[in-house]
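The values are calculated or read from the model by the stated rules, or taken from the named source; none is laboratory data. All figures in this text were calculated on a predicted structure; none of them were measured in a lab. Positions of Cβ are backbone-derived with ideal geometry, glycine not excepted, and every protein chain shown enters the neighbour counts.
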Amino acid sequence: MINGSVKAALMCGCVFALSSGFANGALAADLATKAPPQSFTGDDFLTRPYLLGDLYRKRLHDLGFDWSLEIRNESVGNLSGGTRDSTANAGQMALGLKFDMAKLAGISGGLLGATFVQRWGDNLNGNAHIPAFMLTDEIYGRGQIMRTVELYWDQMFLNGFLELKGGRLPVGSDFFYGPCDYINLTFCGGAPGNVYGGYIFNFPISQTAGVIKAHVTPDVTLQVGFYDANPNYLSTDPTIAILPSIPSSNPNAGVMIPVELDWTPKLNGMPGIWRFGAWYNTATLPDALTAANLTGAVPTFTQDTGAYGFYVSIIQQLTASRGAGDPHGLSTFFNGTWGDPRTSAQDYQVALGLRYLGTFASRPADEVAIAVGATHENPRVSQLEALANAGALPGIMGPGFVQGSEIPIEAWYGWQATGWLNLKFDAQYVINPGGYSVETLNGLTTHNGNAFILGMRTTVEF
């Protein structure tokens, strides 16, 4: 059983996560430096929110310094799909630091933030040869190394109306959809970065960037960002990954400019965050047709200047079990992103999910959730595959398939085992991984059908 003080702390944490648009935990990149430490009374090992106890958190917070340390691990295995049944384990440790410069140096409205991440493990899609668009263990990727994910200064002006932020930043800290409550990447983090990851780099990749925010009303914020969209930021070289240096120039580099309108209503007293945005990248990028699975005398496709897209993401509490202001109840999210068909191998991704907090009266911090989504192959690429299969392109051989939509369905139960330990029991069913609707690829009969995956995420707050 969880005592009343820890229940209250957990509920406060859930309200903060929903109203700010970030997930609980380090996968929503900026939460570690924005969330205040949870307050609690007593120091019972099983009910306190941190494994190591307070460790002067409250005293340091009063002085102007906050820190968080989280380890998250995902273990998954496929019972179908791919060329063989396999397992994978991946995880990360995230350290977040926040310095309130008003308290520390008398600089009103100033905040210095930093986040560092160490990743490890392997990838189920690779181990089992599941040809999916999206990772089935989202925590894998971008190098099994330590990275400086954030190192920035945030400054408020004009009584909080204007906010300027700059430094090394992942775009998902301020734009797109934040939470990462699911293990399939379709439902995790910023969807534009999932689909257009060649120039929109999700957590844990950071870029030299600046963000301007206008807090028009308490419920409405308009913001624009400027991100150095240089692929060299993906490097695992420590001088780029750990040190906040600017990498050397790259012919595919540009400036990625997102613009977003945020609305944080309270519908019938229940919080939500609604994001509407678009982006433009100034770089010259390969045409999407270069992603087609063709062989033979494949033509050289032109490059296109600029890339664009738009998105919407909504998180909204729908019911409150104990009246307005209570986070227990049903919440929903919707995520949709559409990208430039000239340059994107996949042209859109959509996702919809439901989550219920407080599954039983005796388990107020447990959650249950389900989501369904789709990642769609660009029709220009699919049509080219179909033409090549039909022999309509002299000298070019088709792949023997035509890609369409990948449709994942995921459900999980989150068990708050202690105040500091959460176990998430997860099931995924991925229909047509990679958009392949046939089980014969390149003339070879394989096990590349729908993938059924079971897994567990372990999260420990230190």
TODO: Hey, could you check region 49-100 for residues that are in a loop (DSSP other than H, G, I, E, B) and without any contact (Cβ under 8 Å) to a residue 24 or more places away in the chain and say which is farthest from Val430 (Cα to Cα)?
DONE: Tyr56
Open item on the list: Any residue in region 187-216 that is within 19 Å of Gly166 (Cβ to Cβ) and polar (S, T, N, Q) sitting within a Cβ distance under 6 Å of a residue that is at pLDDT 90 or above and in a strand (DSSP E or B)? List the pairs, counting only those 6 or more apart or interchain.
Closed with: Ser206/Val149; Ser206/Arg168; Ser206/Leu169; Gln207/Tyr227; Gln207/Asp228; Thr208/Asp228
TODO: State whether one or more residues within region 93-102 are of a type in the set (Lys, Arg), more than 23 Å from Thr236 (Cβ to Cβ) and surrounded by fewer than 19 Cβ atoms within 10 Å (Cβ to Cβ).
DONE: no
Task: Hey, Ala94 closer than 20 Å to Gly189 by Cβ and in contact with a Pro (Cβ under 7 Å, 6 or more places away or on another chain) or not - done: no
- [ ] Could you run through region 395-408 and say how many residues are surrounded by fewer than 18 Cβ atoms within 10 Å (Cβ to Cβ) and either under 30 Å from Thr458 (Cα atoms) or free of Cβ contacts under 8 Å to residues at least 12 places away in the same chain (or both)?
- [x] 0
Task: Whichever residue in region 103-122 is within 17 Å of the chain's Cα centre (by Cα) and buried (at least 18 other Cβ atoms within 10 Å of the Cβ) and, among such residues, is nearest to Leu243 (Cα to Cα) - done: Phe116
Task: region 105-147, residues that are among the polar types (S, T, N, Q) and either in a loop (DSSP other than H, G, I, E, B) or more than 19 Å from Gly190 (Cα to Cα) (or both) - done: Ser108, Gln118, Asn123, Asn125, Asn127, Thr136, Gln144
TODO: Would you list the strands (runs of 3 or more DSSP E) that sit entirely within region 229-325 and hold 2 or more residues that are farther than 20 Å from Gly178 by Cα and of a type outside the set (Gly, Ala, Ser)?
DONE: 270-286, 303-317
TODO: Give me the pairs, please: first residue somewhere in region 143-154 and within 19 Å of Phe226 (Cα to Cα), second residue anywhere and acidic (Asp, Glu), beta-carbon distance under 7 Å, and either six or more positions apart or on two chains.
DONE: Glu150/Asp30; Asp154/Glu163
- [ ] Could you identify the single residue in Tyr227, Tyr182 that is among the hydroxyl-bearing types (Ser, Thr, Tyr), buried (at least 22 other Cβ atoms within 10 Å of the Cβ), under 21 Å from Val312 (Cβ atoms) and in contact with a Cys (Cβ under 6 Å, 6 or more places away or on another chain)?
- [x] Tyr182
